[in-house]
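The block underneath contains the structure these notes are about, expressed in structure tokens.
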């Protein structure tokens, strides 16, 4: 039961991300930005960011792109759960879905997984541009590991609760 739900969560999330990716793969051109800005690649999820200022704006653009990636992945989790798993009645399944939706390590994962595909500073505009990408396989492995840990944690929690209930019931029996 939990195994199939865990597999469905990851598969649906990855499918959604790459369906959304293909929809966003349409050419988006922003006046004054480099040609690669907001462009996607075939096997990656990419996001872009920009910042104004001197050369220090390069770090700001990189940070903005990473932040945008976290927001995009977080929104995708919300949408996938809402559209596909919101009607779960079983408390164990609901606990797994709820915990899947709340990924507190997402910013750390993004920080460690992104590849800086492009970074450019335009001196005339005093603007830096950056594009970060995460390979599809890396995102899938992360989500599969995450849902495996969540599944185990939820199962252990419910097992412990069952033992607690059994202990409480045993106290009611005479010795």
Looking at the stretch 21-38, which of its residues are on the phi < 0 side of the Ramachandran plot and modelled with pLDDT of 70 or more?
30, 31, 33, 34, 35, 36, 37
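Take the conditions modelled with pLDDT of 85 or more, touching a helix residue (DSSP H, G or I) at 6+ places or on another chain (Cβ under 9 Å), under 21 Å from residue 72 (Cβ atoms) and crowded, with 17+ Cβ neighbours inside 10 Å and apply them to residue 147. Does it pass? Let's see the steps before the verdict.
On the way: modelled with pLDDT of 85 or more: no; touching a helix residue (DSSP H, G or I) at 6+ places or on another chain (Cβ under 9 Å): yes; under 21 Å from residue 72 (Cβ atoms): yes; crowded, with 17+ Cβ neighbours inside 10 Å: yes.
Considered against the rule, which asks whether it is modelled with pLDDT of 85 or more, touching a helix residue (DSSP H, G or I) at 6+ places or on another chain (Cβ under 9 Å), under 21 Å from residue 72 (Cβ atoms) and crowded, with 17+ Cβ neighbours inside 10 Å, residue 147 comes out as no.
Quick one: how many residues across the stretch 109-134 are within 18 Å of residue 51 (Cβ to Cβ), in contact with a helix residue (DSSP H, G or I) (Cβ under 8 Å, 6 or more places away or on another chain) and either touching a residue at least 60 places away in the same chain (Cβ under 8 Å) or surrounded by 16 or more Cβ atoms within 10 Å (Cβ to Cβ) (or both)?
The total comes to 11.
Consider residue 111 carefully, then state whether it is within 30 Å of residue 33 (Cα to Cα), modelled with pLDDT of 80 or more and either assigned to a strand (DSSP E or B) or in contact with a strand residue (DSSP E or B) (Cβ under 8 Å, 6 or more places away or on another chain) (or both). Explain how you work it out, then say what you get.
Numbers: within 30 Å of residue 33 (Cα to Cα): yes; modelled with pLDDT of 80 or more: yes; either assigned to a strand (DSSP E or B) or in contact with a strand residue (DSSP E or B) (Cβ under 8 Å, 6 or more places away or on another chain) (or both): no.
Judged against the criteria, residue 111 is not a match.
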Looking at the stretch 83-108, which of the residues that are exposed (fewer than 14 other Cβ atoms within 10 Å of the Cβ) and either touching a strand residue (DSSP E or B) at 6+ places or on another chain (Cβ under 6 Å) or part of a helix (DSSP H, G or I) (or both) is modelled with the highest pLDDT?
108
Hey, can you tell me all the residues within the stretch 8-19 that are modelled with pLDDT of 70 or more and surrounded by 13 or more Cβ atoms within 10 Å (Cβ to Cβ)?
8, 9, 10, 11, 12, 13, 14, 16, 17
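Pull up the stretch 51-76, narrow it to residues that are more than 18 Å from residue 127 (Cβ to Cβ) and surrounded by 20 or more Cβ atoms within 10 Å (Cβ to Cβ), then point me to the one that is nearest to the chain's Cα centre (by Cα). Write out each step before concluding.
Applying the first criterion (more than 18 Å from residue 127 (Cβ to Cβ)) to the stretch 51-76 yields 69-76.
Filter again for surrounded by 20 or more Cβ atoms within 10 Å (Cβ to Cβ), leaving 69, 73.
On the way: 69: 8, 73: 4 Å.
Selected residue: 73.
How about the stretch 36-64: which of its residues are in a strand (DSSP E or B), more than 17 Å from residue 134 (Cβ to Cβ) and out of contact with any helix residue (DSSP H, G or I) (no Cβ under 6 Å at 6 or more places or on another chain)? Reasoning before the result, please.
Start the filter on the stretch 36-64 by keeping residues that are in a strand (DSSP E or B), which leaves 44-52.
Still in the list and also more than 17 Å from residue 134 (Cβ to Cβ): 50-52.
52, the sole residue that qualifies.
Is it the case that residue 72 is at pLDDT below 95, part of a helix (DSSP H, G or I) and touching a strand residue (DSSP E or B) at 6+ places or on another chain (Cβ under 7 Å)? Please lay out each step first, then the result.
Values: at pLDDT below 95: yes; part of a helix (DSSP H, G or I): yes; touching a strand residue (DSSP E or B) at 6+ places or on another chain (Cβ under 7 Å): yes.
Answer is yes for this residue.
The values are calculated or read from the model by the stated rules, or taken from the named source; none is laboratory data. Since the model is a prediction, treat every value here as computed from it, not as a measurement. Here Cβ is always computed from backbone atoms with ideal geometry, including for glycine, and neighbour counts include all displayed protein chains.
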